[in-house]
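Trainee: What follows is a structure written as structure tokens; I'll ask about it next.
Derivation of every value follows stated rules applied to the coordinates shown; laboratory data play no part. Treat the numbers as computed from the prediction; the structure is a model and nothing was measured. For neighbour counting, all protein chains shown are included, and Cβ atoms are generated from backbone atoms with ideal geometry for every residue, glycine included.
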Amino acid sequence: MANVHVRQPHSLSRDAAKAKLAGFQELLGKYRVTLNWKGTDATIQGLGVSGDVKVSDSAVDVDVKLGMLARAAGVDAAKLEGSITKRLKEAFGA
């Protein structure tokens, strides 16, 4: 199982940082991946993909686990990490 971790620093409140993730959440929906929120933390669920998003006072951490199905479908962990990094930087104006 391949793992991807991305950290995006921020200086917002937790709720404001979570709100910045709306576009990221929409993008995931295009791939039939959902974020299920409990407060300012979320679980990532999709076919062959799982993980979590944790919003703290100083950063957003995204951890994605790629299962065998995602890897068999050609999902490249390095490209996924780059894509998540890009989207989070765009969301937070970094």
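Trainee: Per the helix-only calculation at 222 nm, which mean residue ellipticity applies to the chain, given -39500 (n - 2.57) for every DSSP H run of n ≥ 4 and division by its residues, nearest 500 deg cm²/dmol?
Mentor: Working: 4 runs with 37 residues, N = 94.
After summing the helix terms and dividing by the residues of the chain, the value is -11000 deg cm²/dmol.
Trainee: Which option, [x] 39, 25, 21; [y] 66, 20, 16; [z] 115, 39, 10, is the value of Cα extents along the principal axes in Å that was calculated from these coordinates?
Mentor: The value computed from this structure is option [x].
Trainee: Let me have the relative contact order for the chain, percent, based on Cα pairs under 8 Å that are six or more residues apart.
Mentor: Answer for the chain is 37 percent.
Trainee: OK, next. Hey, got the dipole for segment 19-58? About the Cα centre, +1 on K and R Cβ, -1 on D and E Cβ, debye to the nearest 20?
Mentor: Here the size comes out at about 140 debye.
Trainee: Let me ask you something else. Can you tell me the orientation of helix 77-92 relative to the chain, as the angle in degrees between its alpha-carbon axis and the longest Cα principal axis, to the nearest 10?
Mentor: 20
Trainee: What does the charge add up to near Gln25, with Lys and Arg as +1, Asp and Glu as -1, over the other residues with Cβ less than 13 Å from its Cβ? Numbers along the way, then the final one.
Mentor: Working: positive: Lys18, Lys20, Lys30, Arg32, Arg87; negative: Glu26.
After counting each charged neighbour, the total is +4.
Trainee: Ok, one more. Cβ under 9 Å from Gly39's Cβ, Gly39 left aside: what net charge do those residues give with Lys, Arg +1 and Asp, Glu -1?
Mentor: For residues surrounding Gly39, the net value is +2.
Trainee: Suppose every K and R has +1 on its Cβ and every D and E has -1 on its Cβ; what is the size of the dipole of the chain about the Cα centre, in Debye to the nearest 20?
Mentor: My answer is approximately 160 debye.
Trainee: Out of residues 5 or more away from Gly67 or on other chains, whose amide H comes under 5 Å of its own, with H placed 1.01 Å from N in the peptide plane?
Mentor: For Gly67, the qualifying residues are Val49, Ser50.
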